[in-house]
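To start, the structure under review is shown below, and the notes come after it.
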Amino acid sequence: MTAKLRYSTEYDPPAPVVPVRLGSPSGGAGALVVALIDTGADVTVMPLAVVQNLALPVVATTRIAGVVGATRANVHAGILEVAGTSKMIELVALGAEGILGRDVTNHWVLSLDGPRRALEIRVSRGRSRTARSEPPTKKIPRR
């Protein structure tokens, strides 16, 4: 599955964003979140209010550090739907913005074309030989 998207001009400079649907492992309605692709982020972050509204289960807590400091945050289980595929993930509930970190994006082939403000995501439904030899998705470190 391949998705071709435009960068968002809501950011200055424009940035690659992806519409995702976040849902609960127990089912029910999900929520649409526009998430920034952040190749520098280790983990995926979803808006605290969205995670609370969906009542996503807390599976752990972790320490999150960024350019403005560090804090403790809850780690939740959720179903993330992107580009026609869905995957159970662990995510951090924090702030008001969705961020797709490398824990999710490393499963895709991303093409970021800044001058054209275009993003292409290729999500494989099968597993390549390389993917089979890699360990499963890294868990968010517990501290």
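The values are calculated or read from the model by the stated rules, or taken from the named source; none is laboratory data. Nothing here was measured: the structure is a model prediction, and the numbers come from that model. With ideal geometry, Cβ positions are generated from the backbone for all residues, glycine too; neighbour counts draw on all protein chains shown. SASA here: full protein model, heavy atoms, side chains in, ligands and nucleic acids out. Shrake-Rupley method; radii C 1.70, N 1.55, O 1.52, S 1.80 Å.
Arrange the peptides 27-35, 7-15, 104-112, 72-80 so that the one whose residues have, on average, the most other Cβ atoms within 10 Å appears first. List each step's numbers first, then the result.
Working: 27-35: 14.2, 7-15: 12.1, 104-112: 16.1, 72-80: 19.1.
Highest mean packing first, the order is 72-80, 104-112, 27-35, 7-15.
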Check your understanding: When only C-alpha pairs under 8 Å and at least 6 residues apart count, what is the relative contact order of the range 9-63, in percent?
Key -> 31 percent
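With every protein chain left in place, what is the accessible area per residue of the range 1-110 in square angstrom, probe 1.4 Å? Intermediate results must be reported in sequence, preceding the final value.
Numbers: 5670 Å² over 110 residues.
Result: 52 Å² per residue.
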Check your understanding: Using modelled backbone amide H atoms (1.01 Å from N, in-plane), which distant-in-sequence or interchain residues come within less than 5 Å of I37's amide H?
Key -> V17, V18, L100
Review point. Can you give the relative contact order of the chain as a percent, counting alpha carbon pairs under 8 Å and 6+ residues apart?
Key: 30 percent
Practice item. Count charges around L119 for me, please; just the other residues with Cβ under 12 Å from its Cβ, Lys/Arg as +1, Asp/Glu as -1. Key: +3
Point to revise | Share of carbon and sulfur in the accessible heavy-atom surface of the chain [1.4 Å probe, %] | key: 52 percent
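Which of the three applies to the chain, rounded, prolate or oblate, going by the alpha-carbon gyration tensor with a ≥ b ≥ c and a/c under 1.5 meaning rounded?
Here the chain falls in the rounded category.
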